[in-house]
Structure formats: C-alpha cells, structure tokens
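Encoded as structure tokens, the structure appears first; notes follow it.
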Amino acid sequence: VSVANTLVSMYAKCGSLDNALSVFYDIYEPNVVSWTTLIVAYVHLKLCESAILFFSQMLLEGVLPNIITFLSIISACASQEKLLNGMHIHAQVVACGFELDVSIGNALISLYGKYKNLENAKMIFDKMPTRDKVSWNSLIASYAQLGHSKEALKLLRDMREGGMSLDRVTLVSVLEACAIELDLDEGKQVHAHICGEWADLDSILGSALISMYAKCGSLQDSEAVFNKVHDRSVVFWTSMISAYVQHEQSHQSIQIFEQMKLEGTIPDDLALYTALSACFGQNGLDRGKWMHAGIVGSREKIEALVSNALLSMYSKCGSIRDAKNVFKRLTKKSVVTWTTMITACAQSGQPNQALRFFAQMQLDGVPPN
RNA sequence: CAUUUCAGUCACGCCG
C-alpha cells in the first residue's frame, strides 16, 4: 500500500490525475494515507468539491481520518466559499478530539479568516494551548487580507514581544497591511528588518515590497527593490508592471513587460491583464493592438480575464469598434464582460447601443447585478 | 508514503 500511495502522490505532483486515480482504484484496501493523498491531489488542482466528496466517501468506507486528513480537508474548505462545509468539518475535528492540536488550530484560524470571520479566528487562536509561528502568521494574514491592518500590525508587536522571531510569511502579510494603511514608515521599517535578517531578497518578499512601495506612493523604492532581485518570477515582474500602471507610467510599464518576455518568462493571464491595462494615453491604442496581436499569436484560447482586459483597453483608448470585434468573438460572456461593453458605449455617447447590450445580456441568460 | 500560514488582479456603483 505504501508503494502505491507514493505512486499516487508522485503522479499527482506531476499533474497526472488520471494516472493517480487509476493507481488509487487498484489499491485493494486504501488506507488513510491513500485517501489523504488523493484529497491533497484534488485540493492542489483546486478541485475542492471533489476533494470533499472523497472525504465523505472515505468515511463511508469506514476509514478513520487522522490529523493530516483533517488538515487537508480544512484547506479544501478554505479555498471554496461554502461556509457549511467548513463548520461541519470543524465540528468533526472537535468530535475526534483533534481540536487542541497546533496545526489543526492553525488551519482553522486560516479557514475562518477566509470566511471573513475574524471573531472565530481570534477565538481559536486564543483558545490554543500552544501557539507556534504559523499560528501567528495565520492570524496576522487573516487580519491583513481583510483590511484590518491596524490589528495586524498590533499583532505583529505582540508576536515580537512574546519572543517569536519573524519569518518571510509574517513579513509578507505585514507588508500587505502597510500597503493598505498607506503606512510608508512602517513599510520601510519592515524593509530594514528584512535587510538586516537576510542577505538577499527572494522574489516573494520582493513582490510584496514592490507593491507596498507603489501603493504608498514611492515608485523609486519599488524600482530599487526591482533591481536588487535577480531570481524573478512572473508575479515579481507583474508587481513591477502594476507599480508603473498605478503611477500612470505606461511606457515604463510596457518596457518591463517586454523585458520580462526577453528574459524568458512566459506571461500568465494576470501578467497579460496588467500589461494591457498599461496601454493608455498617447500611444495606447497602438501598443494595445500590438500586444493583442502578440497574445493571439502566442496562445490557443484567451482567458476571460484577458479578454475583459482587451475590452477595457480598447474602450479606454477610444476604439469601441475594436472592442466590439473582440466582444463578438467571445463564447463565454460574464456580467463583467457585458458591463464593460455597456459602460464603454455609455461613456462614448452611444446610449442606445448600451441599452441594446443590456437587453442582449438578459436574453443571453446573464442576470444584471 | 500524505499535511497547516505568505506575494501580482478583474466591470459598474456607493462611501472614505
């Protein structure tokens, strides 16, 4: 069984769910590790519904979940919206007597954070018999992501007073909090702390610093960070592209985008989205068309996010005609897609066309929000 | 043999 489990895990990590599944189904009596491995595979592919289904199936077959199973299933629940699943799992954790485990507590903190339920997150935290760095990080991240940055920064202070050392995860969350608060001073202090603690920045901390500085209005600092990091991920590049967009520097932004491609980093949807949003102003339309052509030439299908970005780009650049052309060729149109078109027409003196789109949208089965 | 926290992002409107 162990050998088969390892195989399942290996196939899953290579992205071959089919192979993983067929090995799993050939296991005579799958044990708790087999099931957990499968659940994790689905969670990593964001197929959380299925992960939860496998969990139920496992229970039906009389296999008892252990702590690791619960950790996996809690993270499955955290990445989907259904509150009920999460509450249900929490109850089961308690019933199995696992609720005092540190890792379980950590996962639950994060779960309630994702559910925007900070009271419960804090309650779990307070009730934990022992806390580790992850406990603090989870709670701080929850506060930071929900925009409660003051509390996040306060927790940081408590954490340090309690003698906990900070790690990269802590700092990323704190930088996010600084960005929301537009607290440049605190952000710089965190940056100084980072420089004192590690010889070089990695691309995750780098991205967080770039966007913190950009949001706090200090583009020069973003640039300085950008130049210091050499192991650049797509996210890292995108942060810099976005920083220039926020400061309305279309040209610089596109230049970074081009440099990224030259250095061999393949842009993902969000990178394309951001680069397209950099096409505005004087040469905006030309840059946008050029980019559009590049996108069409380099990928099979265009994702929703990217096509929406194309629509906004064309309408921002004043070419409703091009926007309509893109729009016509889309197979899936969301409310956002329709609203982009409606707004484009409305703002360019074509109110009747806007109303026509509005009517068509409803005929298409998309309800207005 | 499997496991918990972290970075770039969406249209419109409202408030700051």
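Only the coordinates and a few stated rules stand behind these numbers; no lab work does. This one's a predicted model, so the numbers in the text were calculated from it and none came from an experiment. Glycine also receives a Cβ, built like all others from the backbone with ideal geometry; neighbour counts cover every protein chain displayed.
By its C-alpha gyration tensor, with a ≥ b ≥ c as the square roots of the eigenvalues, how is region A:60-218 shaped: rounded for a/c under 1.5, else prolate for a/b larger than b/c, else oblate?
On the way: a/c = 2.26, a/b = 2.03, b/c = 1.11.
Since a/c reaches 1.5 and a/b is larger than b/c, the shape of region A:60-218 is classed as prolate.
What nm distance separates the two modelled labels at A:Lys46 and A:Leu182, each placed 7 Å from Cα along Cα→Cβ?
Going from the A:Lys46 label point to the A:Leu182 one covers 3.2 nm.
Would you mind giving the average projected area, over all directions, of the Cα convex hull of region A:74-160 in nm² with one decimal?
Details: hull surface 20.5 nm².
Value for region A:74-160: 5.1 nm².
With the dipole of chain A worked out from charges on the C-beta (+1 for Lys and Arg, -1 for Asp and Glu) around the Cα centre, which of A:Leu139, A:Ala224, A:Leu155 lies farthest toward the positive end?
Looking along the dipole axis, the top candidate is A:Ala224.
Please provide three numbers in whole Å: the alpha-carbon extents of region A:1-144 along the principal axes, with the largest listed first.
44, 28, 27
Provide, for q = 0.19 Å⁻¹, the log10 of I(q)/I(0) from a solvent-free Debye sum over equal Cα point scatterers in region A:118-209.
Computed log10 I(q)/I(0) values: -0.85.
When the dipole is taken about the Cα centre of chain A, and only Lys, Arg (+1) and Asp, Glu (-1) are charged at their Cβ, what size is it in debye, to the nearest 20?
On the way: 31 positive and 36 negative charges, 261 e Å.
The calculation lands at about 1260 debye.
Rounded to the nearest 20 debye, what is the charge dipole size of region A:230-369 about its Cα centre when +1 sits on each Lys and Arg Cβ and -1 on each Asp and Glu Cβ?
560
More than 17 Å apart: what percent of Cα pairs in region A:1-77 qualify?
Summing the P(r) tail past 17 Å for region A:1-77 gives 36 percent.
Excluding same-chain residues fewer than 8 positions from A:Lys301, which aspartates and glutamates have a Cα within less than 17 Å of its Cα?
Of all the aspartates and glutamates, those that pass the test against A:Lys301 - Cα under 17 Å, at least 8 places apart if same chain - are A:Asp268, A:Asp269.
Given +1 on the Cβ of Lys and Arg, -1 on the Cβ of Asp and Glu, and no further charges, what dipole in debye does region A:26-173 carry about its Cα centre, rounded to the nearest 20? All intermediate terms of the calculation are to be shown ahead of the outcome.
Numbers: 13 positive and 14 negative charges, 141 e Å.
Using only the charged Cβ atoms, the result is roughly 680 debye.
Would you mind giving the average projected area, over all directions, of the Cα convex hull of chain A in nm² with one decimal?
22.1
Excluding A:Lys301 itself, what net charge comes from residues whose Cβ is under 13 Å from its Cβ, given Lys and Arg +1 and Asp and Glu -1? Before the final figure, lay out the partial values.
Details: positive: A:Arg299, A:Arg329, A:Lys332; negative: A:Asp269, A:Glu300, A:Glu303.
For residues surrounding A:Lys301, the net value is 0.
Extending each Cα 7 Å along its Cβ direction at A:Lys82 and A:Ala293, get the distance between those two points in nm, one decimal.
For A:Lys82 paired with A:Ala293, the spin-label model returns 4.8 nm.
Could you please tell me the mean projected area of the C-alpha convex hull for region A:299-339, averaged over all directions and given in square nanometres to one decimal? Show your work: numbers first, answer last.
On the way: hull surface 11.1 nm².
It is 2.8 nm².
Over the Cα atoms of region A:182-325, each weighted equally, I'd like the Debye log10 I(q)/I(0) at q = 0.15 Å⁻¹, rounded to two decimals.
Normalising to I(0) and taking log10 leaves -0.75.
Starting from the 7 Å offset along Cα-to-Cβ, what nm value, one decimal, do you get for the label separation of A:Thr343 and A:Thr331?
Output for this residue pair reads 2.7 nm.
Expressed as a fraction of 2.2 N^0.38 Å, the rule-of-thumb size for a compact globular protein of N residues, what is the C-alpha radius of gyration of region A:232-304? Please report the intermediate quantities before stating the final value.
Numbers: Rg = 11.3 Å, N = 73, 2.2 N^0.38 = 11.2 Å.
Dividing the Cα radius of gyration by 2.2 N^0.38 Å gives 1.01.
Using only the alpha-carbon atoms, how far is helix A:168-181 inclined from the longest principal axis of chain A? Give it as 0 to 90 degrees, nearest 10.
50
Considering the Cα trace of region A:3-43, what is its radius of gyration and what is Dmax, both in angstroms?
Expressed in Å, the Cα Rg and Dmax of region A:3-43 come to 8.6, 24.
When the Cα centres of region A:83-147 and region A:313-369 are compared, how far apart do they sit, in Å?
One Cα centre to the other: 42 Å.
Tell me, in nm to one decimal, what length is gained between A:Glu29 and A:His193 on full extension, where the rule is 0.36 nm per residue of separation less the Cα-Cα distance? Present the calculation step by step, with values, prior to reporting the outcome.
Numbers: separation 164, 0.36 × 164 = 59.04 nm, distance 5.19 nm.
Working it through step by step, the gained length comes to 53.9 nm.
Give me the number: length gained by fully extending A:Ile68 to A:Ser233, i.e. 0.36 nm times residue separation minus the C-alpha to C-alpha distance, one decimal in nm. Each step should come with its number before you reach the end.
On the way: separation 165, 0.36 × 165 = 59.40 nm, distance 3.05 nm.
Computed gain between A:Ile68 and A:Ser233 is 56.4 nm.
Picking from A:Ile74, A:Val23, A:Leu64, whose Cα lies most toward the positive end of the charge dipole for region A:13-83 (charges on Cβ: Lys, Arg +1; Asp, Glu -1)?
Sorting the options by dipole projection puts first A:Ile74.
How much FRET efficiency would the formula 1/(1 + (r/R0)^6) give for A:Val3 and A:Asp167, where r is the Cβ-Cβ distance and R0 is 45 Å, rounded to 0.05?
Calculated transfer efficiency: 0.80.
Please compute the length gained on full extension between A:His247 and A:Glu119, using 0.36 nm multiplied by the number of residues separating them and subtracting their Cα-Cα distance.
Details: separation 128, 0.36 × 128 = 46.08 nm, distance 3.66 nm.
Full-extension gain reported as 42.4 nm.
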